[in-house]
Amino acid sequence: MSQILIVEDEPRISSFVAKGLRAAGLTSSIAETGHDGFTQALDGEHELIILDLGLPDEDGFSVLRRLRAAQITTPVIILTARGSVEDTVAGLQNGADDYMAKPFHFDELLARVRLRLRAEDNAPEVSSLTHENLHMDLLRRRVTVNSTEVDLSAREFALAEAFLRNPGQVLSREQLLSRVWGYDFDPGSNVVDVYVRYLRNKLGSARFETVRGFGYRLAASK
């Protein structure tokens, strides 16, 4: 299981990213300062680093330069509120592998994380997902039930993908919110319940099972 280091001083964001990664089958550890992040990165146990620039003790660019000077080649994705072209270029020139500006959607971050991990292990990306008679073509963004195409909105597709990537696993509303709607979405919203209802109407009511007090899961046919 891939281990990700999150170097981020804002607990709301680091917790959001960690929970999303966990839901995607990835483990993570969190460092709240540049010093702690640099120290953890030296142990060689992490396959990827998500690095904020606005750290309390030193600039993220400084952390990145020290990592590369220490011959730490672990892929680094910069995740920061600084979204200017100059900062993006500076990050890449200092040895970052990718650069994302806040606010961000977790699905995009996860796609970039998987891309970097694949580049490291040369593992092929999954291009389709299937559960019983439900098939999802990730490249063409098509969903079929019994070979009949079903039209889904972008949000419905992303929610269905979250379920198909974790068949049988209970996904909490918080996990689904973070995966599909982003960390800045209102956690008290009932949007997950609304969209699960949409999926039930389009893909089959018995397919998405409610687990009271926890969330939902993609269930096998009974």
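Read the figures in this text as sums done on the coordinates, not as results from a lab. None of these values were measured; they are calculated from a predicted model. A quick note on method: Cβ atoms are made from the backbone with ideal geometry, for glycine too, and the neighbour counts reach across all protein chains shown.
What to note about this one:
- Spacing of the modelled spin labels on Thr73 and Glu108, each 7 Å from Cα toward Cβ, amounts to 3.0 nm.
- Scattering profile of the range 128-218 at q = 0.11, 0.12, 0.19 Å⁻¹ [log10 I(q)/I(0), Debye over alpha-carbon scatterers]: -0.28, -0.33, -0.84
- Using alpha-carbon coordinates, inclination of helix 154-164 to the longest axis of the chain, degrees: 90
- Size of the chain: Rg and Dmax of its alpha carbons, in Å, are 18.8, 57.
- Going by neighbour counts of Cβ atoms within 10 Å, the residues Arg155, Arg217 line up, fewest first, as Arg155, Arg217.
- Remark: relative contact order (the range 1-57) = 49 percent; criterion is Cα-Cα distance under 8 angstrom and separation of 6 or more residues.
- Alpha carbon Rg of the range 3-121, scaled by the compact-globule rule 2.2 N^0.38 Å: 0.94
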